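Notes to accompany the following structure.
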Amino acid sequence: MAGTIKKLLDGRYRAQYTSGSGPSRIRHTKTITSRRLAQTWLLDQEQANRSGNVRMIRNCYFVDYFKTWYKLFKAPIVSAATKGTYKLTYQHLKALISTVKLVQLNRTLLQSVFNQFGQLYSKETCRKHAIQVKACLANAQYDGLIQRNLMNGVVVTGNEEHSRNDNNKYLSGDDFLKIRNYLFKRSYGPKDANYLILAIISATGARVGEIIGLKWEDVDAKRHQLRIQRSYDSAARKIKTTKTVNAVRTIPLVDDAVRLLCSWHDNVKWGTDFIFASNEKRLPKASNVNSAFHTLQRHLGIEAIHSPHTLRHTVASLLVARPELDVTYVSRLLGHSNPAITQRYYLRVLPGEHQKEDAVALNTIAL
């Protein structure tokens, strides 16, 4: 509470309430017979001022509230790539409801907004929009600006034409083996860091930034293990913590991956702690790794539609498909925040495997 109480010479009390600063500063003063009454008056002033602020915020445009909430609560802590998703949500909201005030929002209106989003954008984009809008409204509810979260019960769809199908998200088993065999058998020189990064991703299912951020201390060649404990943000060009707490993990390494890393250490190491740093001690950009992967796909006669993250998706699906591997173990290996994430994204059939599943299903039905 921004107020002071001062006892006067005549035994009365002068209470002064102040709020804000500069031209918008509010200052009220009142002389009262007792300290207790002065305290009560200050509390009344605080409540009245807060009510005025609440009314003002409720009457601001929702897109402005969303933007302010993002800058205050999210921008300082999220990665550069995630910042882009918030800015996209803001732009899409602004295109549809730029003049809708927070007080005017209701569930029917939000459902209409997300129905329009569903016609225009992919389901994944719409899903991210919904998560961010819901988080923003949860903040408004916490501050007493709305009584309940208006996103509860809103159905989120997406445009299938704009959504990547499984053939884009995953490599077929044959294409994956073709790529991995090539990466394991080729030789690596000082300019081949991007391809070696792809090889390690194909052997571990780790994220691109996690592999770029590896140091030599993270490799235990004797135990055939790789320790993931940081990531490289190419957009911000800085080392950061892993995506989730559970992303700090130890991954087993196959013999070929150990051999490639040991060879790189002996023949190419530039005298820096980071495995993939250049002679100028710069780390590779994720975009350059992506370009190298597209080049590799074309070289092997594969349609160049896959990103390096597709290698992670494919490794994850291969692991989940093994009945002897518990999904909790796979989740920990992939660095997911919880097994539910693993189940949501990877309990599906890989492209090219549908025929086998169809045959089993037909035989089962025929019985």
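Taken over segment 168-199, the residue count meeting the criterion of being over 26 Å from E124 (Cβ atoms) and either in contact with a strand residue (DSSP E or B) (Cβ under 9 Å, 6 or more places away or on another chain) or in a loop (DSSP other than H, G, I, E, B) (or both) is 7. Looking across Y90, Y70, Y61, one residue alone is open to solvent by 70 Å² or more (accessible area, probe 1.4 Å) and in contact (Cβ under 8 Å) with a residue 12 or more places away in the chain. It is Y61. Summed over segment 33-58, residues that are over 20 Å from I146 (Cβ atoms) and either open to solvent by 80 Å² or more (accessible area, probe 1.4 Å) or of a type in the set (S, T, N, Q) (or both) total 11. When segment 125-165 is filtered for residues that are open to solvent by less than 30 Å² (accessible area, probe 1.4 Å), among the aliphatic types (A, V, I, L, M), more than 24 Å from M56 (Cβ to Cβ) and not in a helix (DSSP H, G or I), only V154 remains.
Tell me, yes or no, whether segment 334-352 has at least one residue that is open to solvent by less than 60 Å² (accessible area, probe 1.4 Å), on the phi > 0 side of the Ramachandran plot and either modelled with pLDDT under 90 or among the small types (G, A, S) (or both). There is at least one residue in segment 334-352 that is open to solvent by less than 60 Å² (accessible area, probe 1.4 Å), on the phi > 0 side of the Ramachandran plot and either modelled with pLDDT under 90 or among the small types (G, A, S) (or both). Determine whether S331 is over 18 Å from L198 (Cα atoms) and either at pLDDT below 90 or of a type in the set (F, W, Y) (or both). Criteria not met by S331.
Of D266, D256, all but one fail to be open to solvent by 20 Å² or more (accessible area, probe 1.4 Å), in contact (Cβ under 8 Å) with a residue 40 or more places away in the chain and assigned to a helix (DSSP H, G or I); the exception is D256. Considering only residues in segment 231-253 that are surrounded by 17 or more Cβ atoms within 10 Å (Cβ to Cβ) and aliphatic (A, V, I, L, M), the one that is nearest to the chain's Cα centre (by Cα) turns out to be A247. The number of residues in segment 93-140 that are free of Cβ contacts under 8 Å to residues at least 12 places away in the same chain and among the hydroxyl-bearing types (S, T, Y) comes to 2.
Right, D64: out of contact with any strand residue (DSSP E or B) (no Cβ under 7 Å at 6 or more places or on another chain) and modelled with pLDDT of 85 or more or not?
In short, yes.
Number of residues in segment 73-87 that are among the β-branched types (V, I, T) and open to solvent by 40 Å² or more (accessible area, probe 1.4 Å) equals 2. Taking every residue in segment 295-322 that is open to solvent by 60 Å² or more (accessible area, probe 1.4 Å) and pairing it with any residue that is outside any helix (DSSP H, G or I), at least 6 positions away or on another chain, the pairs with Cβ-Cβ distances below 8 Å are T295/A304; R298/A304; H309/R207; L318/L350; A321/L350.
The values are calculated or read from the model by the stated rules, or taken from the named source; none is laboratory data. Quick caveat: nothing in here was measured; it's all calculated off a predicted structure. For neighbour counting, all protein chains shown are included, and Cβ atoms are generated from backbone atoms with ideal geometry for every residue, glycine included. Ligands, DNA and RNA are excluded from the accessible area calculation, which covers all protein heavy atoms including side chains. Shrake-Rupley method; radii C 1.70, N 1.55, O 1.52, S 1.80 Å.
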